[in-house]
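> Take a look at this one; I'll ask things after.
The values are calculated or read from the model by the stated rules, or taken from the named source; none is laboratory data. Computed from a predicted structure; not experimentally measured. So basically every Cβ, Gly included, is an ideal-geometry build from the backbone, and we count neighbours across all protein chains shown. For accessibility, only protein heavy atoms count, side chains too; no ligands or nucleic acids. Shrake-Rupley method; radii C 1.70, N 1.55, O 1.52, S 1.80 Å.
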Amino acid sequence: MNKPLSPTPLQAAAFHRMQQLMTQSPVPSISTELLCTADGELNRELNDFLFSPPGNRELLKGKKIAICCSNGVEEVEILGAMRWLTEHGATVHVVSPRIGEFPSTLGLRFPEMTKTHVLAIRLMENAGWIKIDRYMDEAKIADYDALILPGGCWNPDALRADKDAQAFVRDMHASGKPTCAICHGQWVMVSARILKGKRATAVWNIQIDLENAGATVLDEPCVVDGNLITARFPYDLPRMVEQLVKQLVKA
């Protein structure tokens, strides 16, 4: 048997230094279970939204909805919306930018999985991988009846820098089709410059960003201004989807 090598003092010091630069798990997270069982009106609505059987499986038959996101998308917001919409007859596509090449000077590493999937999170905790159905540079406004921009802090912060995503959001809104965002998803709307003069809401800590973009900000679960639909937080998801459905069914 080979004798294990002992690190040199310099190597040991470097390893110790590296450990000091990395934090340890566990991390803060959002628990869907706790969110759905908390004693609040909006929590009870979310529980009913996620766990009640579909009332009409053909309600959204023939409708196609794009959920645009990148890595770091909030799990309950994307999966909750996908499940409810598909169970009521809609076709839902996860639309995401391609992961490109990065200069080695940035020190970035992306697993092979990111070429075909986006990583969901629970606030700060990594969750699972969700398959990409269309790449952002392939998506066409004519193919979709509505758009949803879910949150998770670093998902929209990356998505908002993508020129194809900005154009898709602008064109979807200009077409008159329901254009929705929840939590931090409104950051993409800010970068797409569609909020000036509009009434909107968002998660509390970025409401100032909407105000700076020219929106009139309301601290309400869901705000509708024409085909612009915005919500604040995961437990506001049912009300956002309800307003989306009203516009799709009416259309």
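> Taking the 0 to 90 degree range and rounding to the nearest ten, how far is the long axis of helix 237-250 tilted relative to the main principal axis of the chain, both from C-alpha atoms?
40
> Remind me, relative contact order of the chain in percent, using alpha carbon pairs under 8 angstrom and six or more residues apart?
Rounded, it is 18 percent for the chain.
> Got a sec? Which residues in the stretch 114-158 would a label at S29 touch, if it sits 7 Å along Cα→Cβ and we count backbone N under 15 Å?
120-129
> Keeping every protein chain present and rolling a 1.4 Å probe, give me the accessible area per residue for the chain in Å².
54
> What is the angle, in °, between the Cα long axis of helix 163-174 and the longest principal axis of the Cα atoms in the chain? Nearest 10 is fine, range 0 to 90.
Orientation of helix 163-174: about 10 degrees from the principal axis.
> I would also like to ask the following. Which one of Q166, L147, P178 has its Cα pushed farthest toward the positive end of the charge dipole of the stretch 134-181, where Lys and Arg give +1 and Asp and Glu give -1 at the Cβ?
Sorting the options by dipole projection puts first P178.
> Let me ask you something else. Of the chain, which part is the longest with no trypsin sites (Lys or Arg not before Pro) in a loop (DSSP not H, G, I, E, B) and with at most 15 other C-beta atoms within 10 angstrom?
Here the longest run is 1-56.
> Within the chain, what's the longest run with no GluC sites (Glu not before Pro) in a DSSP loop and at most 12 other beta-carbon atoms within 10 Å? Give the range, please.
The longest such stretch corresponds to 139-251.
> Can you tell me the dipole magnitude for the stretch 158-225 around its Cα centre, using point charges on the Cβ only (Lys, Arg +1; Asp, Glu -1), in Debye to the nearest 20?
I would put it at about 240 debye.
> Give me the extension gain from K61 to R193: residue separation times 0.36 nm, minus the current Cα-Cα distance, reported in nm with one decimal.
44.4 nm
> Are any of the pairs K131/K196; K163/K196; K64/K246; K131/K198 more than 22 Å apart by Cα-Cα distance, and if so, which?
Among K131/K196; K163/K196; K64/K246; K131/K198, the Cα-Cα distance tops 22 Å for K131/K196; K131/K198.
> Taking 8 Å as the Cα distance limit and 6 or more residues as the minimum spacing, I'd like the relative contact order of the stretch 207-251 as a percentage.
Dividing the mean separation by the residue count of the stretch 207-251 yields 25 percent.
> Report, to one decimal in Å, the Kirkwood hydrodynamic radius for the chain based on all distinct Cα pairs.
After inverting the mean inverse Cα-Cα distance, the result is 19.3 Å.
> Please give the charge dipole size of the chain, origin at the Cα centre, charges +1 on K and R Cβ atoms and -1 on D and E Cβ atoms. Round to the nearest 20 debye.
It works out to roughly 580 debye.
> In nanometres, what is the gap between the two model label sites at K131 and E41, each 7 Å from Cα along Cα-to-Cβ?
Placing both labels 7 Å along Cα→Cβ, they lie 4.0 nm apart.
> Charges only on Cβ, +1 for Lys and Arg, -1 for Asp and Glu: so what's the dipole of the stretch 44-159 about the Cα centre, in debye to the nearest 20?
Here the stretch 44-159 has a charge dipole of around 220 debye.
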